[in-house]
1. Restricting to segment 13-27, give me the number of residues that are closer than 23 Å to Ile293 by Cβ, assigned to a loop (DSSP other than H, G, I, E, B) and either out of contact with any helix residue (DSSP H, G or I) (no Cβ under 8 Å at 6 or more places or on another chain) or of a type in the set (Gly, Ala, Ser) (or both).
2. If a residue has to be assigned to a helix (DSSP H, G or I), among the acidic types (Asp, Glu) and within 16 Å of His150 (Cβ to Cβ) to count, how many in segment 28-59 make the cut?
3. Using the structure shown, decide if Gln173 is modelled with pLDDT of 95 or more and in a helix (DSSP H, G or I).
4. Residues being among the β-branched types (Val, Ile, Thr), more than 17 Å from Ala127 (Cα to Cα) and not in a loop (DSSP other than H, G, I, E, B): count how many of those fall in segment 282-337.
5. Can you name the condition, by its number, that Ser133 falls short on among (1) in a loop (DSSP other than H, G, I, E, B); (2) touching a strand residue (DSSP E or B) at 6+ places or on another chain (Cβ under 8 Å); (3) over 24 Å from Ala300 (Cα atoms)?
6. Could you tell me whether Lys103 is farther than 24 Å from Cys292 by Cα and basic (Lys, Arg)?
7. Looking at (1) under 20 Å from the mean Cα position of the chain (by Cα); (2) closer than 13 Å to Val62 by Cα, which is the only condition Lys103 fails?
8. For the structure I just gave you, tell me whether Leu330 is over 27 Å from Ile17 (Cβ atoms), hydrophobic (A, V, I, L, M, F, W, C) and touching a strand residue (DSSP E or B) at 6+ places or on another chain (Cβ under 6 Å).
Amino acid sequence: MTRHVAIRSTGMYVPEIEYPNAIYRERFKESAPDFVDKMETAAGIMTRFHAPPDWATSDLAVRAAKQALSRAKLAPEDIDMILVGTDSPDYITPSTSVVVQQKLGATKAGTFDVGCACASFPTALSAASGMMSTNPWMKNVLVIGAYMMHKLADPNDQMHFFYGDGAGAAVLQFSEEPGLLSAAFRADGNYAKAWFIASGGTAEPASEESVRAGRTLVRMVDKYPPSINEEGWPAVTRALCENNGFSLADVDLFVFTQVRKRTIEKVMKALEVPMEKAHTIMEKWGYTGSACIPMALHDAVETGRAKPGDLVVLVGSGVGYNQAGIAVRLTEDLVRT
């Protein structure tokens, strides 16, 4: 008998400290007086939320995981494997996933991190599905996307406007129905130094000089050409259609990286699909990076925009650049409340 892998439940966590756009208007009123107005129009971001200063990314991940586990009626000890996708890890080493395992109390779970920025969650879903297919003892797998980039950014950098904290999670189980379908991937390392943290790794270990120069903070050094996402996302989406044997018209909901609403509008137009089929959350929670895809998926399930039987396409695009997409059929096993 074929063993399919499907999403059993989802979860999400957004911290409580709100930073509305008014804060950034005041912050940038001298250096870039029109910046926030322009970004409201182009990105669609109206506010964002940050965690308390003493929290780490793992604290967000654990809270999203607990909601997903509660919905699936599972205890932490029931989890066999934890995958955490993030590019704002607690530490360079050890992995954030092992910290999540300890904080969650998932004493029987193995763990590993997936570190391809906003493409991490679709990548992690595909990896988890493949692992479960060849390891039938993995009954319950937890996949998390979490993001706390604002702590790694200069608050006076305009890019700080985008960064919201959050986490989303999904519990995967075996199903009689196909759930997680084939994935698609693109990458181009020529852009690795366009938006990155220059110092703190082996290429340039952190030093007093690099800290003073701000090279241990995330920076956009060169702007990405709009074509990367405006052409890349449709390419990934069409590859998913071809790989899985469905048409664009068959897709019930599209979820793209939640960084710029205008880009999503252009992509949907290029795909010749109504914008109403795209789900967005940046209006409510800002750009939540590695967490935005699972957060948007959870929100779609919670609000009834995604329901059992629906075909959902998830496409993430992150610095590097990495792009990943996965097609998901939501099954009758999905727990919605």
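The values are calculated or read from the model by the stated rules, or taken from the named source; none is laboratory data. It should be emphasised that the depicted structure is a prediction, and the values quoted were computed from it without experimental measurement. Cβ sites come from the backbone with ideal geometry, for glycine too, and all protein chains shown count toward neighbours.
1. Within segment 13-27, residues that are closer than 23 Å to Ile293 by Cβ, assigned to a loop (DSSP other than H, G, I, E, B) and either out of contact with any helix residue (DSSP H, G or I) (no Cβ under 8 Å at 6 or more places or on another chain) or of a type in the set (Gly, Ala, Ser) (or both) number 2.
2. In the first step, residues of segment 28-59 are kept if they are assigned to a helix (DSSP H, G or I); the result is 35-43, 57-59.
From what's left, among the acidic types (Asp, Glu): 37, 40, 59.
In the following step, the residues that additionally are within 16 Å of His150 (Cβ to Cβ) were identified as 59.
Number satisfying all stated conditions: 1.
3. Details: modelled with pLDDT of 95 or more: yes; in a helix (DSSP H, G or I): no.
No: the conditions fail for Gln173.
4. Residues of segment 282-337 that are among the β-branched types (Val, Ile, Thr), as a first pass: 288, 293, 301, 303, 312-313, 315, 319, 326, 328, 331, 335, 337.
Checking which are more than 17 Å from Ala127 (Cα to Cα) leaves us with 288, 301, 303, 312, 319, 331, 335, 337.
So of that shortlist, the ones also not in a loop (DSSP other than H, G, I, E, B) come out as 301, 303, 312.
Number of matching residues: 3.
5. So the condition that Ser133 fails would be (1).
6. Working: farther than 24 Å from Cys292 by Cα: no; basic (Lys, Arg): yes.
No, not satisfied.
7. Lys103 satisfies every listed condition except (1).
8. Details: over 27 Å from Ile17 (Cβ atoms): yes; hydrophobic (A, V, I, L, M, F, W, C): yes; touching a strand residue (DSSP E or B) at 6+ places or on another chain (Cβ under 6 Å): no.
When the stated conditions are applied, Leu330 does not pass them.
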